[in-house]
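Please read the structure below before turning to the comments.
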Amino acid sequence: MAYALPLHQHGKSKVRLGRVWRDGNVHHMVEWNVNTMLESDMGHAFFKGENTGMTATDTQKNTVYVVAQRMSQKCTVEQFAIALAQHFVLTYPLVSKAKVYIEQKPWNRVQMGGLPHDHGYALAGTEVRTAYVTYDKAGKLDVTAGLKELSLLKTTQSGYEGFLRDEYTVLPEVNDRIMASTVTCTWKYTNQPACYDAAFAAAKSSLLDAFLGPAKGGVYSPSVQYTLYNMAKNLLDRVPQSESVFLNMPNLHFIPVNPVGSKFNNDVYVATSEPHGNIEAVVTRRGMIPHAKL
């Protein structure tokens, strides 16, 4: 029987990295969880058990720290991922493509008495910034930015009506409910922005604006689907370098409660995390290829 090896890759996962840049008394700090994966001409390792020319996964781990030190100027997670991916492809002859995925822990500079602290940081919420970069021998660079675990909630201006009803449906129709989700979003750049931090900030604010609406009054959501689509459109409008947006939005339920001896008065709920609805989609500019599969 004949066999084939159409796909293979190898890499290192969960390489935890802290990097500090010292600008006099002011220090800039990031914490990254780095994952590398290399496509390479290493079929002989599978066919013959020969490791000649292989970039060991331990070497990949060590390289994360070496490249981090070489980044002498404060950089974004995307810039570091690009430098790391390019290093692997340009340094090792058998490597044809490098893939780097990084998660950034939400350390934010502390404000003390209205002033930014020189070197003090605190974790800010649950949101994790992400970056996924690929680079190949032909010089093709793809950058996908994103975030995950962005927890959003609004106590009104949400409903769900008009859905199919049959013998299995007991869910009541409502036009006033709590809407909550833990958002995962990625967006692929067609062109690289002048500042990745500014592009990320614009993307995040576009998601918040579409989900929550104006500070006074908010915006009504007839479904998670409708809100998701408007969040993606808003991101494409605010970040002109983006071409494709993926969003995953679980529908986290707050179930109305009739307290003993009383009744529900839009005030008391059972907070749940599961089971939950799960809605996801990819929205692109017309004619662009989706960067993610569902």
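The values are calculated or read from the model by the stated rules, or taken from the named source; none is laboratory data. All values derive from a computational prediction rather than experimental measurement. Positions of Cβ are backbone-derived with ideal geometry, glycine not excepted, and every protein chain shown enters the neighbour counts. Surface areas here come from the heavy atoms of the whole protein model, side chains and all, with no ligands, DNA or RNA. Shrake-Rupley method; radii C 1.70, N 1.55, O 1.52, S 1.80 Å.
In this structure, Gly261 qualifies as assigned to a loop (DSSP other than H, G, I, E, B) and free of Cβ contacts under 8 Å to residues at least 12 places away in the same chain.
So for the stretch 198-219 (the condition being β-branched (Val, Ile, Thr), over 21 Å from Arg286 (Cβ atoms) and assigned to a helix (DSSP H, G or I)), does at least one residue qualify?
No, the stretch 198-219 contains no residue that is β-branched (Val, Ile, Thr), over 21 Å from Arg286 (Cβ atoms) and assigned to a helix (DSSP H, G or I).
Any residue that is in contact with a strand residue (DSSP E or B) (Cβ under 8 Å, 6 or more places away or on another chain) and within 19 Å of Leu212 (Cβ to Cβ) - is there at least one of those in the stretch 129-142? No - not one qualifying residue is present in the stretch 129-142. Reported count of residues in the stretch 100-120, each being in contact with a Lys or Arg (Cβ under 6 Å, 6 or more places away or on another chain) and surrounded by 16 or more Cβ atoms within 10 Å (Cβ to Cβ), is 1. Pairing each residue of the stretch 175-200 that is open to solvent by 40 Å² or more (accessible area, probe 1.4 Å) with any residue that is part of a loop (DSSP other than H, G, I, E, B) and among the small types (Gly, Ala, Ser), provided the two are 6+ apart or on different chains, yields C-beta distances under 7 Å for Asn175/Gly159; Asp176/Gly159; Arg177/Gly159. Only residues that are in a helix (DSSP H, G or I) and in contact (Cβ under 8 Å) with a residue 60 or more places away in the chain were counted in the stretch 81-111, giving 2. Test Asn248 against the criterion of being farther than 20 Å from Ala202 by Cβ, surrounded by 10 or more Cβ atoms within 10 Å (Cβ to Cβ) and in contact with a Phe, Trp or Tyr (Cβ under 7 Å, 6 or more places away or on another chain), and give yes or no. The answer is no for Asn248.
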